[in-house]
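Read through the structure below, which is laid out as structure tokens, and then see the notes.
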Amino acid sequence: MAAAAHVATLFEPLEGGKVRCTACARYCTIPEGSHGFCFVRKNEGGKLVLLSYGKASAVQVDPIEKKPLSHFHPGTRVFSIGTVGCNWRCLYCQNWDISQEHEVSGRPLSPKAAVEGAERYGCQGITFTYNEPTIFIEYALDVIEEAHRAHLFANFVTNGYMTPEAVELLGPHLDAVSVDFKGSGEPGFLRKYITAKGPEPIRETMVQLKEKGVHVEVTDLIVPQVGDSADATRSLARYVVDRMGPETPFHLLRFHPDYKMMDLPETPIPTLEKLHSVAKAEGLKFVYLGNVWGHPLEHTYCPGCGAIAVRRYGFTIQGWNLDRENRCRVCGEKIPIVGSLAKDYVPTFATPI
């Protein structure tokens, strides 16, 4: 029961026994005995407690490419951890059974046990994913501390709807992050389908994390008919180029119907290809299509000569055409990838390493 009463770090006391949570951009004001929007942060006796601390609703060994992270320790395996609750209400959430859960459940998983699990299954890192990790940031930070002691990296898959306080707390410890926009962060889409006010907190979060030395990749879920605006993609791509640099990896993900949005089709591939061209035209050098296994735009192309630098099929690396310093074997262009191909990775149909 002790884990259920874990006192949070990110909150401030208010008059009348209320508290303000400072973890996410909602800044929930929570009366005594009530929960925040995410349900797992509760005011108990004028203190904010994290009810989901040390409780894992989902644990899985994944390839790092699934996060998606294409320029961070490629070919490694990560120990993925999720809890329950979320600070968003995405109507198409594929993990709705845990993200929209209003009962704090899960199996006990202490920070030490999480790292032991990662090591047991031969993982090189730990990923916080499946539901929004910002809402359990105190638990994640304790796991990260244990992970770094064991020489494992740690990354977030996040909607980016954080506060500057959360970034300040998290930034010095996190190794990588995939910031997952929805509908390119178009305000009307966020309000109607997510219950979020606007993209500004997300945009600022990824810039601030990058400034703190965190490796950042940007993803954008393209929802057909309601969240596939070329203008919105253009605006996001331009922001990334201007504030984070043209070498920032940018992933356009194919939507599939789920939860309360079963009436929409999967994103047409021509739509994704069009938006890929839009992002490239804004100056982004590394733009990928996700959830379209076998498509040529899954690969990493050398911006110097256009050759395939990393050949992919889904989450599998099939060809590695870079030297030990991640330079293109054709023209010598340096590809901005953190780490090289995992030493124990055995790609299918791979070129020599």
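Read-outs throughout are calculated quantities, based only on the coordinates presented, and are distinct from any laboratory measurement. None of these values were measured; they are calculated from a predicted model. Reconstructed Cβ throughout: ideal geometry from the backbone, glycine too, with neighbour counts over all protein chains shown.
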Angle check, please: helix 200-211 long axis (alpha carbons) against the longest principal axis of the chain (alpha carbons), in degrees 0 to 90, nearest 10.
70 degrees
For residue 267, which sequence-distant residues (separation of 5 or more, or a different chain) have an amide H within less than 5 Å of its own amide H, given hydrogens modelled in the peptide plane?
255
Once amide hydrogens are built 1.01 Å from N within the peptide plane, the residues lying 5 or more places from residue 215 or on another chain with amide H under 5 Å from its amide H are 176, 177
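In percent, what relative contact order does the chain have, based on Cα pairs under 8 Å that are 6 or more apart in sequence? Numbers along the way, then the final one.
Details: 797 pairs, mean separation 45.5, N = 353.
Relative contact order of the chain: 13 percent.
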From the Cα gyration tensor of segment 1-107, with a ≥ b ≥ c the square roots of its eigenvalues, which class applies: rounded if a/c is under 1.5, or else prolate if a/b is larger than b/c, or else oblate?
prolate
Using only the alpha-carbon atoms of segment 299-353, report the extent along each of the three principal axes, biggest first, to the nearest angstrom.
26, 19, 18
If we count every other residue with Cβ under 15 angstrom of residue 315's Cβ, Lys/Arg +1 and Asp/Glu -1, where does the sum land?
+2
Lys/Arg Cβ at +1, Asp/Glu Cβ at -1, dipole of the chain taken about the Cα centre: which of 88, 183, 317 is farthest positive-ward?
317
Taking segment 183-336, the equivalent ellipsoid from its C-alpha gyration tensor has semi-axes in Å, biggest first, of 28, 19, 13
Among 229, 80, 184, which one moves the most in a GNM of the chain with springs linking Cα atoms closer than 10 Å?
229
Please list, or write none, the lysines whose alpha carbon is within less than 18 Å of the alpha carbon of residue 18, excluding same-chain residues fewer than 8 places away.
42, 47
Expressed to two decimals, the chain has a Cα Rg over Rh, using the Kirkwood radius, of 0.97
Helix 111-120 versus the longest principal axis of the chain: what angle, 0 to 90°, nearest 10, using Cα atoms?
30 degrees
Tally Lys and Arg at +1 and Asp and Glu at -1 over the other residues with C-beta under 15 Å from the C-beta of residue 216: what net charge comes out?
-2
Read phi for every residue in segment 228-241 and hand back ³J(HN,Hα) as whole Hz from Karplus 6.51 cos²θ - 1.76 cosθ + 1.60, θ = phi - 60°, with x for Gly and Pro.
10, 6, 5, 5, 5, 5, 4, 5, 5, 4, 5, 4, 4, 4
Lysine pairs, Cα distance under 30 Å, 8 or more residues apart or cross-chain: how many in segment 212-353?
11
Among 298, 12, 132, residue whose mean-square fluctuation peaks in a GNM of the chain (springs only between Cα atoms under 10 Å)
12
Under the Karplus relation 6.51 cos²θ - 1.76 cosθ + 1.60, θ = phi - 60°, what is the ordered set of whole-Hz ³J(HN,Hα) values for segment 26-32, x standing for Gly and Pro?
6, 6, 4, 8, 10, x, 3
Helix 137-149 axis, angle to the chain major axis (alpha carbon atoms, nearest 10°):
50 degrees
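If you filter segment 112-171 for chymotrypsin sites (Phe, Trp or Tyr not before Pro), then keep DSSP loop positions with at most 14 other Cβ within 10 Å, what is left?
Numbers: sites: 121, 128, 130, 136, 139, 153, 156, 161; in loops: 121, 130, 161.
Filter output for segment 112-171: 121.
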Please find, in a Gaussian network model of the chain (springs between Cα atoms separated by less than 10 Å), the residue of 74, 187, 63 whose mean-square fluctuation is greatest.
187
Calculate one ³J(HN,Hα) per residue across segment 329-343 by plugging θ = phi - 60° into the Karplus curve 6.51 cos²θ - 1.76 cosθ + 1.60, and present them in order as whole Hz with x for glycine and proline.
6, 8, 10, x, 5, 6, 9, x, 10, 7, x, 10, 4, 3, 4
